[in-house]
Amino acid sequence: MIRYQKLGYVGINVTDIERARRFYENIVGLQFVDTASDGSVRYRCSDDYYNLVLHPSPHPGFRYVGLMLQDDQQYETLRTRLEASDIPYEKMSSEECSQRRLESGWRISEPHLQAAFEFYRPLPEDQRICFTPSVTRIRRIGHVVLATPQYEQTLAFLRDVLNFAESDEIERTIAFFRLFPNPYHHGIGVGMASRNILHHVNFMVSEIDDVGAALNRFKRNDVPVVFGPGRHIASNSIFLYYLDPDGMTLEYSFGMEEFPEVGPRAPRTLPPRPESLDSWGGVRDSRMSTVGVVHPFEVGSGWATFDTPAGR
Ligand SMILES: [Fe+2]
């Protein structure tokens, strides 16, 4: 059993780094950390060194997710799992670890999404950092959801190879996984789509007031709200979805069901109808989860150069 600590970070591609910086700092409320040597810009919303990384790119979308392992022994379990399924992996070089501020890290390409999944251990000195909230009392990066036409195969890979624990599924629409034994209802989600896309990135907030204040802040700053406020039946979270300047979908959530490691309730399959997504009866804006490709990654070759049209 691979044991995870938590979802640690998400890297996304943005087309206009200065515009994105203003938005993620002043509207989302992330704390600027630094600009890395590769030009990426790092932000924090919890007591980690960073939780969101912006990469300049001609195509907005998902670049990688960082899954913190519980301890160093988990790499051996991971290796066994990957080798048994013929999944190639690469270890980050010491140069990359130092540039990324990680003690160690391995990376795979999820075989259906072609998405970079990173498994890492943080630097010991980076585990005593304090997030300073500004416009929103964000507690942590909550989850990332990707969507793919190879929906069933991706679910099987996350469950059977990576040992993510399924919490709930809205039948053939979206499935929610916790990073076992992390208690939160989901750290990763997988949706059904006609191509590999970024569905949304979530930030968990501390108070319901953060959701209400965000609604007014978004109105003042012409930020499109695309779903919510509402309440998800699956996780019991109150949610608010909105768009970043590229049109990628972000979410604030307040509250989330937590699972015990031993004796958790069985996963449920909810019917694929709108009330399963929002018990308050809200309707999604058609722009939700339409912008953002998965930047294809291959072990040994890195990220595709995007000389092909977006949306492959
Ligand atoms: Fe979400």
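Only one entry in Phe297, Phe239, Phe306 is crowded, with 21+ Cβ neighbours inside 10 Å and closer than 20 Å to Gly11 by Cβ, namely Phe297.
Pick from Pro267, Pro260, Pro274: which is in contact with a strand residue (DSSP E or B) (Cβ under 9 Å, 6 or more places away or on another chain), of a type outside the set (A, V, I, L, M) and surrounded by fewer than 22 Cβ atoms within 10 Å (Cβ to Cβ)?
Details: Pro260 fails: in contact with a strand residue (DSSP E or B) (Cβ under 9 Å, 6 or more places away or on another chain); Pro274 fails: in contact with a strand residue (DSSP E or B) (Cβ under 9 Å, 6 or more places away or on another chain).
On inspection, the qualifying residue turns out to be Pro267.
The single condition among (1) touching a strand residue (DSSP E or B) at 6+ places or on another chain (Cβ under 6 Å); (2) assigned to a loop (DSSP other than H, G, I, E, B); (3) free of Cβ contacts under 8 Å to residues at least 40 places away in the same chain that Asp285 does not satisfy is (3).
Among the conditions (1) under 21 Å from Phe131 (Cβ atoms); (2) under 14 Å from the mean Cα position of the chain (by Cα), the only one that Phe62 does not satisfy is (1). Number of residues in the range 80-103 that are under 24 Å from Leu123 (Cβ atoms) and more than 23 Å from the chain's Cα centre (by Cα): the value is 3. Taken residue by residue, the range 210-227 has at least one member that is within 11 Å of the ligand (Cβ to nearest atom) and not in a loop (DSSP other than H, G, I, E, B).
Set side by side, the residues Thr148, Thr173, Thr154 differ, and just one is touching a strand residue (DSSP E or B) at 6+ places or on another chain (Cβ under 8 Å), under 16 Å from Arg268 (Cα atoms), at pLDDT 95 or above and of a type in the set (Ser, Thr, Tyr), which is Thr173. Residues that are touching a His at 6+ places or on another chain (Cβ under 7 Å) and either assigned to a strand (DSSP E or B) or without any contact (Cβ under 8 Å) to a residue 40 or more places away in the chain (or both) within the range 180-209 comprise Ile188, Gly189, Gly191, Asn202, listed in sequence order.
Every residue in the range 130-148 that is surrounded by 15 or more Cβ atoms within 10 Å (Cβ to Cβ) and more than 16 Å from the chain's Cα centre (by Cα), please. Even if it seems obvious, please write down each step before you answer.
Of all residues in the range 130-148, those surrounded by 15 or more Cβ atoms within 10 Å (Cβ to Cβ) come to 131, 133, 135-148.
Result: Phe131, Pro133, Val135, Thr136, Arg137.
For the range 72-89, indicate whether the set of residues that are under 24 Å from Val201 (Cα atoms), surrounded by fewer than 20 Cβ atoms within 10 Å (Cβ to Cβ) and in the same structural domain as Tyr9 (by TED's automatic domain parsing) is non-empty. No, there is no match, as no residue in the range 72-89 is under 24 Å from Val201 (Cα atoms), surrounded by fewer than 20 Cβ atoms within 10 Å (Cβ to Cβ) and in the same structural domain as Tyr9 (by TED's automatic domain parsing). Assess whether Gly282 counts as being within 16 Å of the ligand (Cβ to nearest atom), of a type in the set (Gly, Ala, Ser) and touching a Leu at 6+ places or on another chain (Cβ under 7 Å). No. Answer yes if at least one residue in the range 254-275 is within 16 Å of the ligand (Cβ to nearest atom), part of a loop (DSSP other than H, G, I, E, B) and out of contact with any His (no Cβ under 9 Å at 6 or more places or on another chain), and no otherwise. There is at least one residue in the range 254-275 that is within 16 Å of the ligand (Cβ to nearest atom), part of a loop (DSSP other than H, G, I, E, B) and out of contact with any His (no Cβ under 9 Å at 6 or more places or on another chain). Residues that are of a type in the set (A, V, I, L, M, F, W, C) and surrounded by fewer than 17 Cβ atoms within 10 Å (Cβ to Cβ) are absent from the range 167-189.
Restricting the range 1-33 to residues that are part of a loop (DSSP other than H, G, I, E, B) and modelled with pLDDT of 95 or more, which is surrounded by the most Cβ atoms within 10 Å (Cβ to Cβ)? It would help to see each step written out before you state the result.
First, pick out the residues of the range 1-33 that are part of a loop (DSSP other than H, G, I, E, B): 1-3, 15-16, 29-30.
Imposing the further condition that a residue be modelled with pLDDT of 95 or more reduces the set to 2-3, 15-16, 29-30.
Values: Ile2: 21, Arg3: 16, Thr15: 15, Asp16: 13, Gly29: 22, Leu30: 28.
My answer is Leu30.
Being touching a helix residue (DSSP H, G or I) at 6+ places or on another chain (Cβ under 8 Å), in contact (Cβ under 8 Å) with a residue 24 or more places away in the chain and within 30 Å of Arg220 (Cβ to Cβ) is a property that holds for Arg137. Restricting the range 166-183 to residues that are farther than 13 Å from Val144 by Cβ and touching a Lys or Arg at 6+ places or on another chain (Cβ under 8 Å), the residue that is farthest from the ligand (Cβ to nearest atom) is Pro181.
The values are calculated or read from the model by the stated rules, or taken from the named source; none is laboratory data. On a predicted model such as this, the values are computed, not experimentally measured, just so you know. Here Cβ is always computed from backbone atoms with ideal geometry, including for glycine, and neighbour counts include all displayed protein chains.
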